[in-house]
Amino acid sequence: MNLDDGDLIRRVVEDGDQRAYAQLVRRYQSQLRFSLRQLCDGDQGLADDMAQEAFIKAYKALPAFRGDARFSTWLYRIAYNLVMSHKRKNAPVVDQDAVDSAQAQESVEEAQQLGMARDLNSAMGELSDAQRQAVHLCMQRGFSHEEAASIMKLPLGTVKSHVNRARAKLQSLLQAWQEEVVSG
């Protein structure tokens, strides 16, 4: 029997049904892990740890779930908070000049050999964290702007602005790639 999220949540909260929670975990685990890999800059181990911690926190907080948003939105918010907290705690001191110098030395031939996927990742790296997260939630995960605003705890207009500015920047960055490929 395939129950909706609300029914599963009621079973967990009212009956202590751990199998119902296991079904929620199975339903959202792969999507959450994929999203967290994006937020964790491709670090699969960290993403898996964050996913596990998010599911544990969600389980403990499930009685407080009000249903104002979808369970998946609520779960992504928990996971997002965990990742942002982890990044704040472990933020390295970056020598921006060294980073800029290393990026400037990358050759056009290397970019063409590695293809569009690498260039897209590189272009995504040029976005601010907020823009990258908004694009990931809205364009890659399919959340509405409203849901992304709820997850990121930002005003709706700010999320829309992040998505639009990121889209324009990505188009600009990837236009140069397309011109290189066409002329090369």
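The values are calculated or read from the model by the stated rules, or taken from the named source; none is laboratory data. Just so you know, these numbers come straight off a predicted model, no measurement behind them. Virtual Cβ from ideal backbone geometry, glycine too; neighbours counted across all protein chains shown.
Just to verify a result, which residue in region 44-66, among those that are of a type in the set (Phe, Trp, Tyr) and in a helix (DSSP H, G or I), is nearest to the chain's Cα centre (by Cα)?
That would be PHE55.
Name the pairs whose Cβ atoms lie under 6 Å apart, with the first residue in region 12-28 and assigned by TED's automatic domain parsing to the domain that holds TRP74, the second of a type in the set (D, E, K, R) and surrounded by 15 or more Cβ atoms within 10 Å (Cβ to Cβ), and 6 or more positions between them or separate chains?
Correct list of pairs: ASP17/ARG11; ALA20/ARG11.
Please verify whether TYR76 is surrounded by 15 or more Cβ atoms within 10 Å (Cβ to Cβ), part of a helix (DSSP H, G or I), in contact with a Ser or Thr (Cβ under 8 Å, 6 or more places away or on another chain) and not assigned by TED's automatic domain parsing to the domain that holds SER150, treating the condition exactly as stated.
yes
Please go through (1) crowded, with 18+ Cβ neighbours inside 10 Å; (2) without any contact (Cβ under 8 Å) to a residue 40 or more places away in the chain for ARG88 and return the number of the only condition it doesn't satisfy.
The one condition ARG88 does not meet is (1).
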